[in-house]
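Beneath this line is the structure, given in structure tokens, with notes to follow.
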């Protein structure tokens with residue numbers, strides 16, 4: 001399918017997998033709306049993509065009113081909407097006994113509630129496209145313990161996203177909206193840059209107990225290529241679930 005003239009919204013679109021996806025879509029002729037928490041990050045992304053090709057709005061995905069207004073503004077700017085990639089996510093490593101209440105709430109609200117609200121906001125705006133799509137980004141952490149330890153809340157929210165996406169797929173069939181759950185494994189995306197180092201080190205040290213090897217080799221661009229791939233299927237065909245993981249075994253990192 002040609003992406004020329006099509007319009008997609010990407011949450012968490014200012015960096016990492018979201019920005020990598022936006023770059024590919026713009027290169028193939030699409031225009032993108034980027035939504036995220038940090039205005040400065042989004043503005044830098046728009047500068048990189050070009051103001052004619054991209055629009056950015058800062059909004060909290062867990063605020064239904066704010067996200068609905070942002071989605072509507074993007075559709076009004078570009079005149080149409082063909083798909084939404086629910087990529088926004090956040091993780092905070094910590095043993096279960098020591099979980100921080102605010103961080104639990106932040107992960108649940110962003111990763112799960114935010115995905116639900118973004119789907120609610122997107123559905124009425126996607127009607128009218130000849131090939132509407134919703135892609136919900138999960139994580140291999142939801143099913144594979146070798147990804148990382150002490151990410152129980154993050155992994156649980158992503159498992160919830162997958163179960164929610166199953167019902168979403170069935171409900172939207174009558175509207176012709178294709179729904180995909182994409183489950184990426186660990187990739188070099190800068191996702192952990194904001195994590196507390198002491199907690200990260202403790203989690204990594206515990207992770208070593210599972211074995212000496214880790215899988216590497218995947219980048220944000222590899223995940224982005226998979227997202228664009230599933231967006232490009234013809235109307236009436238949708239990838240239900242796609243898992244993509246790195247496949248090079250090396251010695252685990254040590255701090």
How big is the gap, in Å, between the Cα center of the range 19-34 and the Cα center of the range 155-171?
25
Among [x] 1.06; [y] 1.17; [z] 0.98, which is the computed Cα Rg over 2.2 N^0.38 Å?
[z]
What list do you get for 84, 204 if you sort them by fewest beta carbons within 10 Å?
204, 84
Any chance you could give the angle, 0 to 90 degrees and rounded to 10, that helix 39-49 forms with the longest Cα principal axis of the chain?
60
Exposure proxy check: 180, 38, 189, 157 ranked by fewest other beta carbons within 10 Å?
38, 189, 180, 157
Run the helix sum for the chain: -39,500 (n - 2.57) per DSSP H stretch of 4+ residues, divided by residue count, reported at 222 nm to the nearest 500 deg cm²/dmol.
-12500 deg cm²/dmol
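Order by neighbour count: 115, 165, 65, fewest other Cβ atoms within 10 Å first, most last. Don't skip to the answer; put the middle values down first.
Working: 115 28, 165 23, 65 11.
Taking fewest neighbouring Cβ atoms as first place, the list is 65, 165, 115.
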Relative contact order for the range 54-169, counting Cα pairs under 8 Å that sit 6 or more residues apart, in percent:
33
Quick check: Cα centre of the range 200-255 to Cα centre of the range 111-150, how many Å?
17
So how tilted is helix 197-207 from the main axis of the chain? Cα-based, degrees 0 to 90, rounded to 10.
70
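Where a number appears in this text, it was derived from the coordinates with a stated rule and is not lab data. Since the structure is predicted, the reported quantities are computational estimates derived from the model, not experimental observations. A quick note on method: Cβ atoms are made from the backbone with ideal geometry, for glycine too, and the neighbour counts reach across all protein chains shown.
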